Amino acid sequence: MVSTAAEIAASVRAGTLDPVQVTKEALARIAAADSGAFRRVRAEEALAEAAEVAARPDLASLPLAGVPVAVKDVTAIAGEFASHGSVAGPSTPFGEDGEIAARLRAAGAVLVGLTRVPELCIWPMSDTPDGIARNPWEPTYVSGGSSGGSAAAVAAGLVPLAHGTDGLGSIRLPAAMCGLVGLKPGADRLAEGGWFGMSVHGPLATTVADAAVLLSVLASDPSLATVPSPSGVRIGTSTTVPVLHSPVPRELVAAVTQAADLLTAAGHTVAPGAPKYPVSAILGISARWCAGPAEQARDFDFSRLQRRTRTHVRLGQLFEKAGFIRERTRQRWLARAEEFFADHDVLMTPTLSHWPAKAGRWHERRWPSNVVPSLRLAGFTGLWNLAGYPAISVPVSRAPSSGLPTSVQLITKPGGESLLLGLAAQLESANPWPRTARA
């Protein structure tokens, strides 16, 4: 099984592990076992980068020294283009790294490849005409989206860490499906700029410690790498899908009960409780889900977009023209959220509101066929993008019926990423999960 990022970096810093050898081993795993996680593997470039890391005079201080990291295919990397899962967009390589790639390199990471995403990152199924990102735990299911390729790469043990972005659950949903720790930071911490401020950058990892160190690098805040051990946290739990009240599979509900028992045993106060969700917030995230990609598509060849995407973009154009992107919608929801968090420190829910879709060529299907499984799946996640609050998905168990992981979502107020990581670490300590599907 692949070592953790923390183990690799510590050995490289100590001089007992060669970054080039680490990269060769990661590339060998990818060549042998990649089942659609990567859109492009940067084999030659990664080996050259690893040699550069080995020669750095500051090697002994690099938090990700020699660690192979997968990067979501939305990121500016010098010499590469970001496809955003589409053949319709610009394909001119970037002349320089964007902020995310630059921070990863500065920390000593080796960028081994770009991971598969659905077109314009709209869907929780990551397939494109040239590949399908499958779930390493059960390949007949998707690995999620839109950071599905990143989740598949980590869960399969190809790399220890991956970068993702989250606009309505695009880190947390794949993390839950693939049994990973997936953190959506607050909008004030790592805003990505898309979907009218709802999308943020964040980490996918097999351990809480690894997620923390990648978050610290992405956010350029070393203090985030230290995971606290919180005490006396007031946690509200809810397994009811906001507003829609759609049925949640029994095994996903059971994960919340199990995690609640573990956190109670750790000394926290855990009791049922949830915000008063306004209907307008659901309408607000739906409008942004359509209008955000429509805004991005202005730089794409509309005629070459997938059929489902063209419909989505047309709807987004209508929503924006009609003035459905309203700040007062967000403010009304924020007032309700703040009311709940005046009496609670954390909210815990299932991460998924339904099981993931079966793997397939979803990009060939019509818009309604993609919308139905998407809406069933993401009932618990998207509202926290609109609020801009940090949220994390933490593995709990595996479902006997499907073999898929089950997870819980923890949400807290802005600035509370370390609190979420601390609670996740307590769950990890009390209830260790298998790190990868190859374990």
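The values are calculated or read from the model by the stated rules, or taken from the named source; none is laboratory data. Computed from a predicted structure; not experimentally measured. Cβ coordinates were reconstructed from backbone atoms using ideal geometry, including for glycine residues, and neighbour counts include every protein chain displayed. Areas reflect the complete protein model, heavy atoms only, side chains present, ligands, DNA and RNA absent. Shrake-Rupley method; radii C 1.70, N 1.55, O 1.52, S 1.80 Å.
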>> Can you work out the Karplus-derived ³J(HN,Hα) for every residue in the range 16-30? Use 6.51 cos²θ - 1.76 cosθ + 1.60 with θ = phi - 60°, whole Hz, and x for glycine or proline.
In response: 9, 9, 8, x, 5, 5, 4, 5, 4, 5, 5, 5, 5, 5, 4
>> With N set to the number of residues, divide the alpha-carbon radius of gyration of the chain by 2.2 N^0.38 Å and report two decimals.
In response: 0.91
> Taking the Cα centre of each part, how many Å lie between the range 324-353 and the range 120-186?
Replying inline: 25
>> Given a Förster distance of 35 Å, report the FRET efficiency between Ala48 and Met1 from their Cβ-Cβ distance, rounded to the nearest 0.05.
In response: 0.85
> For the range 349-391, rounded, prolate or oblate, judged on the Cα gyration tensor with a ≥ b ≥ c (square roots of eigenvalues), a/c < 1.5 rounded, else prolate if a/b > b/c?
Replying inline: prolate
> Which pairs in the list Lys72/Lys184; Lys24/Lys358; Lys184/Lys276 are over 24 Å apart, alpha-carbon to alpha-carbon?
Replying inline: Lys24/Lys358
> When you count, for each residue, the other Cβ atoms within 10 Å and take the mean per peptide, how do 142-155, 10-23 rank with the highest first?
Replying inline: 142-155, 10-23
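How large is the charge dipole for the range 255-386, taken about the Cα centre, if only the Cβ atoms of Lys, Arg (+1) and Asp, Glu (-1) carry charge, to the nearest 20 debye?
Working: 19 positive and 11 negative charges, 196 e Å.
Dipole of the range 255-386, to the nearest 20 debye: 940 debye.
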> Counting Lys and Arg as +1 and Asp and Glu as -1, each charge on the Cβ, what is the dipole of the chain about the Cα centre in debye, to the nearest 20?
Replying inline: 1460
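Could the peptides 284-295, 213-224 be put in order, highest first, of the mean number of other beta-carbon atoms found within 10 Å of their residues? Could the numbers behind the result be given before it?
On the way: 284-295: 23.0, 213-224: 20.3.
Packing order, densest peptide first, comes out as 284-295, 213-224.
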> What residue among Ser429, Ser126, Ser238 has the largest mean-square fluctuation in a Gaussian network model of the chain, using Cα springs under 10 Å?
Replying inline: Ser429
>> Under 5 Å between amide hydrogens, which residues at least 5 positions from Ala391 or on another chain qualify, with H placed 1.01 Å from N in the peptide plane?
In response: Lys184
> What percentage of the solvent-accessible surface of the chain, computed with a 1.4 Å probe over protein heavy atoms, is contributed by carbon and sulfur atoms?
Replying inline: 53
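Starting from the range 96-187, pick out the GluC sites (Glu not before Pro) whose DSSP state is loop and whose Cβ has at most 14 other Cβ atoms within 10 Å.
Values: sites: Glu96, Glu99, Glu119; in loops: Glu96.
Loop-located and lightly packed - Glu96.
Quick one: of the DSSP bridges fully inside the chain, what percent are antiparallel, nearest 5?
Values: 31 of 46 bridges.
For the chain, the DSSP antiparallel bridge percentage is about 65.
Can you tell me how the range 280-439 classifies by the Cα gyration tensor, rounded, prolate or oblate, using a/c under 1.5 as the rounded cut? All intermediate terms of the calculation are to be shown ahead of the outcome.
Numbers: a/c = 2.55, a/b = 1.28, b/c = 1.98.
Oblate is the answer for the range 280-439, as a/c is 1.5 or above yet b/c matches or exceeds a/b.
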> Which residue, Glu320, Glu52, Glu44, tops the fluctuation ranking in a GNM of the chain built on C-alpha contacts under 10 Å?
Replying inline: Glu44
>> Only bridges whose two residues both fall in the range 39-181 count here: according to DSSP, what percent of them are antiparallel, nearest 5?
In response: 40
> Size of the dipole of the range 101-184 about the Cα centre, Lys and Arg at +1 and Asp and Glu at -1 on the beta carbon, nothing else charged, in debye to 20?
Replying inline: 320
> Among Val279, Thr257, Ile235, whose Cα lies farthest out toward the positive end of the dipole of the range 231-339, if unit charges sit on the beta carbon of Lys, Arg (+1) and Asp, Glu (-1)?
Replying inline: Val279
>> So the label point goes 7 Å from the Cα of Arg40 along Cα→C-beta, right? Which residues of the range 144-168 then have their backbone N under 11 Å from it?
In response: none
> What is the packing order of peptides 403-409, 190-196, 225-231, taking the mean over residues of other C-beta atoms within 10 Å and listing the highest first?
Replying inline: 403-409, 190-196, 225-231
